[in-house]
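Asks: Got a structure for you, questions after.
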Amino acid sequence: MIKVIVTKDGVETHAPEYETMEQAQAAISYHVSEQNWGKPGEYSYEIVTVPVNLQAPINEAALAYLAATDWYVIRASETGVPVPQDILDERAAARLRIVR
């Protein structure tokens with residue numbers, strides 16, 4: 001599994017996953033040419049190879065965090081009470097850590 005971790009203003013914005021290095025490089029070329037990530041110099045990216053067997057505990061921890069904080073999202077949906085920003089930020093980071 002290949003992840004391309006995109007960072008903008010020091011914050012990881014997303015980490016798409018690819019099966020092969022060729023797919024990752026093609027995607028990078030496309031997103032750079034289309035400026036989907038912003039203008040050159042506004043972002044950086046890193047290509048990371050993630051061994052699947054090492055990824056399993058990371059996935060489990062991230063999924064457990066999401067499950068444990070689902071009630072915030074449900075409460076917000078049902079009552080309008082906003083989800084605290086730190087919870088939203090960590091949930092977004094947890095989703096980025098998951099590799100399928």
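The values are calculated or read from the model by the stated rules, or taken from the named source; none is laboratory data. Being a predicted model, the structure only gives us computed values, none of them experimental. With ideal geometry, Cβ positions are generated from the backbone for all residues, glycine too; neighbour counts draw on all protein chains shown.
Asks: What pairs come up if the first residue lies in the range 64-80 and is within 25 Å of ARG97 (Cα to Cα), the second is of a type in the set (Val, Ile, Thr) and assigned to a helix (DSSP H, G or I), and their beta carbons are under 9 Å apart, counting only those six or more places apart or on different chains?
Replies: Cβ pairs passing all conditions: THR69/ILE87; TYR72/ILE87; VAL73/ILE87.
Asks: Out of all the residues in the range 18-31, which are surrounded by 15 or more Cβ atoms within 10 Å (Cβ to Cβ) and not aromatic (Phe, Trp, Tyr)?
Replies: ALA24, ALA27, ILE28, HIS31
Asks: Another question, then. Got at least one residue in the range 54-68 being out of contact with any strand residue (DSSP E or B) (no Cβ under 6 Å at 6 or more places or on another chain), loosely packed, with under 11 Cβ neighbours inside 10 Å and of a type in the set (Ser, Thr, Tyr)?
Replies: no
Asks: Just checking, does the range 84-94 include any residue being closer than 17 Å to LYS3 by Cα, in contact (Cβ under 8 Å) with a residue 12 or more places away in the chain and not in a loop (DSSP other than H, G, I, E, B)? Lay out the reasoning, then the answer.
Replies: Residues of the range 84-94 that are closer than 17 Å to LYS3 by Cα, as a first pass: 92-94.
Then drop every residue that is not in contact (Cβ under 8 Å) with a residue 12 or more places away in the chain, which leaves 93-94.
Narrowing the set further to residues that are not in a loop (DSSP other than H, G, I, E, B) leaves 93-94.
Scanning the range 84-94 turns up at least one residue that is closer than 17 Å to LYS3 by Cα, in contact (Cβ under 8 Å) with a residue 12 or more places away in the chain and not in a loop (DSSP other than H, G, I, E, B).
Asks: Same structure again: Restricting attention to the range 30-53, and to residues there that are among the aliphatic types (A, V, I, L, M) and in contact with a strand residue (DSSP E or B) (Cβ under 8 Å, 6 or more places away or on another chain), which single residue is farthest from ASP9 (Cα to Cα)?
Replies: VAL50
Asks: Being of a type outside the set (Ser, Thr, Tyr), in contact with a Ser or Thr (Cβ under 7 Å, 6 or more places away or on another chain) and under 30 Å from GLU19 (Cα atoms), is that true of even one residue in the range 51-67?
Replies: No, the range 51-67 contains no residue that is of a type outside the set (Ser, Thr, Tyr), in contact with a Ser or Thr (Cβ under 7 Å, 6 or more places away or on another chain) and under 30 Å from GLU19 (Cα atoms).
Asks: Which residues, taken from the range 8-63, are at pLDDT below 80 and in contact with a helix residue (DSSP H, G or I) (Cβ under 7 Å, 6 or more places away or on another chain)?
Replies: GLU12, HIS14, ALA15, PRO16, TRP37, TYR45
Asks: Considering only the range 77-100, I want to know if a residue exists there that is within 28 Å of TYR18 (Cα to Cα) and at pLDDT below 80. Working first, answer last.
Replies: Applying the first criterion (within 28 Å of TYR18 (Cα to Cα)) to the range 77-100 yields 87-100.
From what is left, the residues that are at pLDDT below 80 are 100.
Yes - at least one qualifying residue is present in the range 77-100.
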